[in-house]
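Note sheet for the following structure.
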Amino acid sequence: MTSFDASAGGARPSRRRFGQRFGYEERSALLFLLPVMTVLMAVAVFPILYSLYLSFFDVKLTRPNRMPFVGLDNYVELFEQPLFWTSVERTVVFTVISVTAVTVIGLLVALLLNENFRGRRLLSTIILIPWAIPYVADALMWKWIYDSGYGALNGLLYQLGFIDKYMVWLGDQNKTIWLIANAFVWKEVPLAAILLLVTLKSIPEDLYQAAKVDGATLWRRFVHVTLPAMRPGFMLVLIYETMVAIRHFDLFFVLTEGGPGNASHTLSWHIYVETFRSLSFGTGAALAYILALITFGLAYLIIRTVGRSR
């Protein structure tokens, strides 16, 4: 009887402390959020942790009953593959081209939309159309444009006299990455422009008035007032576009499937090949984590450089 009373008495203070720390509203919110958190744990957190677990095993669906532990051997094997470094090179080239073009063109579009002219609202709406199109539809559209037989690009250049015969655009290894990057830029520029436009709108007009009083020209106001004030917008655009470009898959799958040769064999395509074509889930998971670490590292670098206050 004494032990029962002691245990019951020990439970009451803990319940009382819980009730004092979390009120009725907090407990109700926790109760309502519990199903959502459970679903997120099941569909997001668990697959991430399980893929990390798989990356330390030699998992092949061709022999599902044998899954030996190999530690870091999957990572070491990937680093020793020439194709892995080729995919890294292709990913770097695609990311640099795409993010640079998206940022520069997005800035120019934002500067244009920041001016007052007739039809500005209509132009803002039209510019958002590419961003609203799904990536698969975007890829199919550009595949038709680049087509060697009836593509609009060949037809336009032929009519203008820039080429004397139709060209196989996606079959040229020297042009493939640039053509895919062009499709990516067309899709991503609207979002970058809107994000930079919002940053432009937040710049106080007093800064421009003070610069005019000091005799600053239009170019100097742009360099010394506009660009420094747009640093948060640039940081957001660079981080988001870098993360999208470095792990992009849809355009490569629809347009070239990693070809011709290995001209568009990026890290995301390498993950797909290892996981779903070679059925090597261990190395595929290791590749996915390498890509994730690279992405987080680049995001941290951008935050430390572009987002650093003077």
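Taken together, the residues in the stretch 145-186 that are more than 27 Å from Val96 (Cβ to Cβ) and part of a helix (DSSP H, G or I) amount to 7. Restricted to the stretch 68-78, and to residues there that are in contact with a helix residue (DSSP H, G or I) (Cβ under 8 Å, 6 or more places away or on another chain) and not acidic (Asp, Glu), the residue that is surrounded by the most Cβ atoms within 10 Å (Cβ to Cβ) is Asn74. Inside the stretch 264-291, residues that are over 15 Å from Leu78 (Cα atoms) and part of a helix (DSSP H, G or I) make up a count of 2. The residues on offer are Leu40, Leu83, Leu30, and the sole one that is closer than 18 Å to Ala285 by Cα and surrounded by 10 or more Cβ atoms within 10 Å (Cβ to Cβ) is Leu83.
The single residue among Arg118, Arg66, Arg27, Arg90 that is over 18 Å from Tyr272 (Cα atoms), in a helix (DSSP H, G or I) and among the basic types (Lys, Arg) turns out to be Arg27.
Going by what's in this entry, would Thr103 be described as farther than 30 Å from Arg231 by Cα, among the polar types (S, T, N, Q) and under 21 Å from the mean Cα position of the chain (by Cα)? So Thr103 does not fit the description; no. Of all residues in the stretch 52-63, those satisfying the criterion of being within 14 Å of Leu279 (Cα to Cα), out of contact with any Leu (no Cβ under 8 Å at 6 or more places or on another chain) and in contact (Cβ under 8 Å) with a residue 24 or more places away in the chain are Leu54, Ser55, Phe57, Asp58, Val59. Just one of the numbered conditions (1) outside any helix (DSSP H, G or I); (2) under 27 Å from Glu77 (Cα atoms); (3) in contact with a helix residue (DSSP H, G or I) (Cβ under 8 Å, 6 or more places away or on another chain) is not true of Gly261: (3). Tell me, yes or no, whether the stretch 165-183 has at least one residue that is within 30 Å of Thr86 (Cβ to Cβ), hydrophobic (A, V, I, L, M, F, W, C) and more than 28 Å from the chain's Cα centre (by Cα). Scanning the stretch 165-183 turns up at least one residue that is within 30 Å of Thr86 (Cβ to Cβ), hydrophobic (A, V, I, L, M, F, W, C) and more than 28 Å from the chain's Cα centre (by Cα). Among the residues of this structure, Asp147 does not count as one that is at pLDDT 90 or above, under 28 Å from Ile239 (Cβ atoms), of a type in the set (Asp, Glu) and surrounded by 13 or more Cβ atoms within 10 Å (Cβ to Cβ). Just one of the numbered conditions (1) closer than 17 Å to Ala139 by Cβ; (2) without any contact (Cβ under 8 Å) to a residue 12 or more places away in the chain; (3) not hydrophobic (A, V, I, L, M, F, W, C) is not true of Lys187: (2).
The values are calculated or read from the model by the stated rules, or taken from the named source; none is laboratory data. Keep in mind the model is a prediction, meaning the values are calculated, not measured. All Cβ positions, even for glycine, are placed from backbone atoms using ideal geometry, and neighbour counts span all protein chains on display.
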